[in-house]
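The values are calculated or read from the model by the stated rules, or taken from the named source; none is laboratory data. Just so we're clear, the structure is a prediction, and the values are computed from it rather than from any experiment. Cβ coordinates were reconstructed from backbone atoms using ideal geometry, including for glycine residues, and neighbour counts include every protein chain displayed.
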Amino acid sequence: MNAVTKQPEVKNFINGKYSRNGQKSMDVISPLDGTVISSLPLSGMDELEEAVKAAEQAFVAWSGQTLKERVQVFFRYRNLLEENLDELTQLVTIENGKTYGEAKAEVMKSIELCEFAVSMPQIVTNEIQEVSRGVECRIERKPLGVVACISPFNFPNMVPHWTVPNALVLGNCVILKPSEMVPLSAMRMAELLKQAGLPDGVFNVVNGGKEIVEAICDHPRIEAVSFVGSTHVAKIVYKRASSNLKRCVALGGAKNHLLVLPDAHPQMTADNVVASMSGCAGQRCMAAAVMVGVDAVQHIIDKMVEEGKKIIPGENLGSVISQAAKERIEAYITEAEQQGATILLDGRNTIVPGKENGSYVGPTIIDHVTPDMKIAKEEVFGPVISIIRAKDLDEAISIENASNYGNAAAVFTQSGGLAKKVIERASAGMIGVNIGVPVPREPFSFGGWNESKFGVGDITGKSSIEFWTQNKKTTTKWNPEDKTNWMS
C-alpha cells in the first residue's frame with residue numbers, strides 16, 4: 001500500500017444503526033505515515049445505556065433460538081469475511097500499521113475463530129443421566145445476557161473475534177468497545193454481521209476511551225466483561241468489574257522468554273527467534289522479548305543478526321502504533337545501552353522514505369542484558385529482543401521463572417529430555433518447543449499465567465464456553481410407583 005486514504009467518520013453502532021449524538025471526538029491517525037484518517041466519538045454512560053437497552057430487548061428472541069439456528073448467522077458471516085478479505089486486510093494495515101501479509105494472516109485467523117464458533121452444536125451438548133431409579137438429572141448451558149468485550153490496538157480484527165463469535169453463538173448479546181486507536185475494523189465487523197442476518201441489537205459497538213471502559217465495568221446490567229490490553233489496565237478492569245459482581249477475564253501484557261540451548265538447530269532457531277521478535281512490529285503478547293542463551297550459543301546469535309538485517313522497515317516490517325510508542329521503545333534501548341548492554345542491531349531513529357511522519361522502529365538485538373535491567377523486566381512492545389546469558393539450563397529456567405509475566409515461553413533444542421524439563425518448569429501458560437510464537441490453534445484455548453491473565457479460564461477455545469454461559473440443572477421424577485429414597 002502506497003497511499004493512506006481517508007476513511008469515513010467512525011460512529012457508534014447501536015441497535016443495527018449508526019449513532020453519533022454530538023459527543024466529543026478524537027482523531028484516528030494512521031501510524032504508517034501520520035495521516036489523520038478518521039475521527040471517533042468519545043462515548044460515555046448515556047451511549048452505553050442506549051446500547052445496553054438495545055441488547056436487552058434483543059436478548060429474549062436471540063437467546064430463544066436454538067444453538068443450531070444461531071450458528072447459521074456465522075456460517076454466512078464467515079463467508080463474508082472471506083469474500084471481503086482484501087478490504088479487511090487493508091483496514092488493518094491502515095489503522096494498525098501491519099504489513100499486508102501480517103494483516104491478511106490476522107483476518108484469516110478471524111475466519112478460523114468463526115469456524116470454531118459454528119462447531120458449537122457439536123461441542124456444547126446437554127448432559128442427562130438417570131441418577132436414581134426414575135430420577136433424571138439434566139444440565140443445560142444458558143447464556144448470561146448482555147456482555148461486553150474490550151479489545152486492544154494490536155489486533156483490531158482478530159482479538160474481537162476471540163470473544164464475539166463465541167459469546168453470540170452461545171446466546172448472549174454483545175457490546176464491543178474497540179481501542180480508540182483502531183476503530184475501523186470493528187465498524188466493518190458490525191456491518192458484515194448485520195449483512196449475515198444478525199438481528200439488530202444483538203451486537204453493538206460503542207467507541208471511546210477511558211470513560212467508556214469505566215462505564216462498562218460499572219454498569220449494573222452487564223453480566224460479564226472480557227478485556228485484552230496492558231497488565232496495568234487489565235488489573236484495573238478486573239478489579240473494577242469483579243467488584244461490581246461481574247464475571248471478568250482480563251488478559252494483560254507479557255515478557256516472553258525463549259531459551260536457546262547450544263544444540264539448537266542454528267538456522268531454524270535464528271529464523272524463529274527473529275521472526276517472533278519482529279513480527280507485527282513486536283506488538284503482540286506472544287512476541288519474543290528475552291532470549292536466554294545457554295552456554296555456547298554465539299554462533300546462533302551471529303545468525304540472528306544476519307537475519308535481523310534482512311528485516312526492512314516499511315517493506316517487511318510494519319510501523320508501531322504511534323510516535324509515543326516509538327519514543328518509549330527507543331528510550332528502553334538507549335537506557336539499556338547506557339547500563340552496559342551491547343547493541344548488535346540498532347533500530348532507533350528509523351525513517352522510511354516517503355513516510356517520514358510514520359512511526360517506525362527497526363529490528364533491534366541487544367546482547368549482554370542483565371536480569372536487573374528495566375528492559376529485561378518490563379514489556380517493551382516493539383521489535384526488540386534482549387539477550388541474557390546463562391551458564392546452564394537451570395539458571396535459564398530460573399531467569400524465566402523470575403518474570404512477573406507468564407504468557408508464553410519457548411525452548412530451542414534437539415533434546416527431548418531438555419525440552420521436557422522446560423515444559424515442566426517454565427512458569428507460563430503457553431509453551432513452545434522450537435516454535436517462537438506458540439499460539440494454540442482452535443479448539444485449544446489462548447491464555448497465560450501470573451500477571452499475563454486475571455480471572456479464571458481462558459478467552460478462546462473450549463474454555464470460553466464456561467465463561468460465556470451458566471448451567472441450569474433440572475431434576476425430574478414421573479414415577480410415583482417407584483420406591484422413594486433420599487433423592488426423591
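Of all residue pairs spaced 6 or more apart or on separate chains, those with beta-carbon atoms under 9 Å, a first member in segment 13-27 that is without any contact (Cβ under 8 Å) to a residue 12 or more places away in the chain and a second member that is buried (at least 16 other Cβ atoms within 10 Å of the Cβ) and part of a loop (DSSP other than H, G, I, E, B) are TYR18/LYS11.
A single member of GLU130, GLU140 is in contact (Cβ under 8 Å) with a residue 40 or more places away in the chain and either outside the structural domain of ASN316 (by TED's automatic domain parsing) or not in a loop (DSSP other than H, G, I, E, B) (or both), and it is GLU140. In segment 245-263 there is at least one residue that is in the same structural domain as ALA103 (by TED's automatic domain parsing), free of Cβ contacts under 8 Å to residues at least 60 places away in the same chain, within 21 Å of THR469 (Cβ to Cβ) and not in a strand (DSSP E or B). Only residues that are touching a Gly at 6+ places or on another chain (Cβ under 9 Å), surrounded by fewer than 23 Cβ atoms within 10 Å (Cβ to Cβ) and not charged (D, E, K, R) were counted across segment 389-401, and they come to 1. Comparison of VAL305, VAL290, VAL297 shows that the only residue that is surrounded by fewer than 21 Cβ atoms within 10 Å (Cβ to Cβ) and in contact (Cβ under 8 Å) with a residue 12 or more places away in the chain is VAL305.
Could you please let me know if VAL439 is under 17 Å from ALA234 (Cβ atoms), at pLDDT below 95, of a type outside the set (Phe, Trp, Tyr) and outside any helix (DSSP H, G or I)? When the stated conditions are applied, VAL439 does not pass them. Does VAL169 satisfy the criteria of being within 22 Å of GLY44 (Cβ to Cβ) and touching a residue at least 40 places away in the same chain (Cβ under 8 Å)? When the stated conditions are applied, VAL169 does not pass them. Given the criterion modelled with pLDDT of 95 or more, under 24 Å from the mean Cα position of the chain (by Cα) and at negative phi, identify the matching residue among ILE365, ILE329. Being modelled with pLDDT of 95 or more, under 24 Å from the mean Cα position of the chain (by Cα) and at negative phi holds for just one of ILE365, ILE329, which is ILE329. Only one entry of ASP394, ASP482 meets the criterion of being charged (D, E, K, R), out of contact with any Asp or Glu (no Cβ under 9 Å at 6 or more places or on another chain) and either modelled with pLDDT of 95 or more or under 16 Å from ALA254 (Cα atoms) (or both), and that entry is ASP394.
Please tell me if GLU327 is under 20 Å from PRO31 (Cα atoms), surrounded by fewer than 20 Cβ atoms within 10 Å (Cβ to Cβ), in the same structural domain as ILE375 (by TED's automatic domain parsing) and of a type in the set (Asp, Glu). Spelling it out, GLU327 is indeed under 20 Å from PRO31 (Cα atoms), surrounded by fewer than 20 Cβ atoms within 10 Å (Cβ to Cβ), in the same structural domain as ILE375 (by TED's automatic domain parsing) and of a type in the set (Asp, Glu).
This table checks each residue for (1) more than 16 Å from the chain's Cα centre (by Cα); (2) farther than 19 Å from ILE366 by Cα; (3) at pLDDT 95 or above.
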{"residue": "PHE227", "(1), (2), (3)": "no, yes, yes"}
{"residue": "SER243", "(1), (2), (3)": "yes, yes, yes"}
{"residue": "VAL249", "(1), (2), (3)": "no, yes, yes"}
{"residue": "ALA264", "(1), (2), (3)": "yes, yes, yes"}
{"residue": "THR269", "(1), (2), (3)": "yes, no, yes"}
{"residue": "GLY279", "(1), (2), (3)": "no, no, yes"}
{"residue": "VAL290", "(1), (2), (3)": "yes, no, yes"}
{"residue": "GLY293", "(1), (2), (3)": "yes, no, yes"}
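When you look at VAL135, is it among the hydrophobic types (A, V, I, L, M, F, W, C) and farther than 19 Å from PHE467 by Cβ, yes or no? When the stated conditions are applied, VAL135 passes them.
Against the definition (within 15 Å of GLU442 (Cβ to Cβ), assigned by TED's automatic domain parsing to the domain that holds VAL159, among the polar types (S, T, N, Q) and surrounded by fewer than 17 Cβ atoms within 10 Å (Cβ to Cβ)), how does SER119 come out, yes or no? So SER119 passes the test. The set of residues from segment 403-426 being within 24 Å of the chain's Cα centre (by Cα), of a type in the set (Gly, Ala, Ser) and surrounded by fewer than 20 Cβ atoms within 10 Å (Cβ to Cβ) is empty.
Residue-level check: of (1) among the small types (Gly, Ala, Ser); (2) more than 30 Å from GLY308 (Cα to Cα); (3) over 24 Å from the mean Cα position of the chain (by Cα), ALA390 misses just (2). For segment 39-56, the condition holds for no residue, the condition being that it is surrounded by fewer than 16 Cβ atoms within 10 Å (Cβ to Cβ), aliphatic (A, V, I, L, M), in the same structural domain as ASN204 (by TED's automatic domain parsing) and modelled with pLDDT of 95 or more. Mind checking whether some residue in segment 2-18 is modelled with pLDDT of 95 or more, surrounded by 16 or more Cβ atoms within 10 Å (Cβ to Cβ), touching a Gly at 6+ places or on another chain (Cβ under 6 Å) and part of a loop (DSSP other than H, G, I, E, B)? Within segment 2-18 (the criterion being modelled with pLDDT of 95 or more, surrounded by 16 or more Cβ atoms within 10 Å (Cβ to Cβ), touching a Gly at 6+ places or on another chain (Cβ under 6 Å) and part of a loop (DSSP other than H, G, I, E, B)), the answer is yes, since at least one residue qualifies.
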